[in-house]
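Heads up: the structure comes next, in structure tokens.
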Amino acid sequence: MPRGDKSAYTGKQKRQAAHIGESYEQRGLSKDDATRRAWATVNKETGGGQKKGSGKNGA
């Protein structure tokens, strides 16, 4: 998977990133910085691009 590919993220994670990015833009950040920070926030909160049932935390 190339760097920056968002295909591993769930729809919910993508919606969260979009909403967070809009919030950052309203605070005066550029679109690129807002997008970068939004995905960093989603990664921090959800553990990154993982789909439910991926077995990442399984035995």
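The values are calculated or read from the model by the stated rules, or taken from the named source; none is laboratory data. Quick caveat: nothing in here was measured; it's all calculated off a predicted structure. Every residue, glycine as well, gets a Cβ built from its backbone with ideal geometry; the counts of neighbours run over all protein chains shown.
Some points to look at:
- Counting only residues that are among the polar types (S, T, N, Q) and closer than 19 Å to GLY48 by Cβ, the range 1-35 holds 5 of them.
- Condition met for ALA38 (at pLDDT 90 or above, part of a helix (DSSP H, G or I) and touching a His at 6+ places or on another chain (Cβ under 9 Å)): yes
- Candidate set from the range 15-32 (those that are free of Cβ contacts under 8 Å to residues at least 24 places away in the same chain and within 16 Å of LYS44 (Cβ to Cβ)); member that is surrounded by the most Cβ atoms within 10 Å (Cβ to Cβ): GLY21
- When restricted to residues that are surrounded by 10 or more Cβ atoms within 10 Å (Cβ to Cβ) and either outside any helix (DSSP H, G or I) or touching a His at 6+ places or on another chain (Cβ under 9 Å) (or both), the range 1-14 contains 4.
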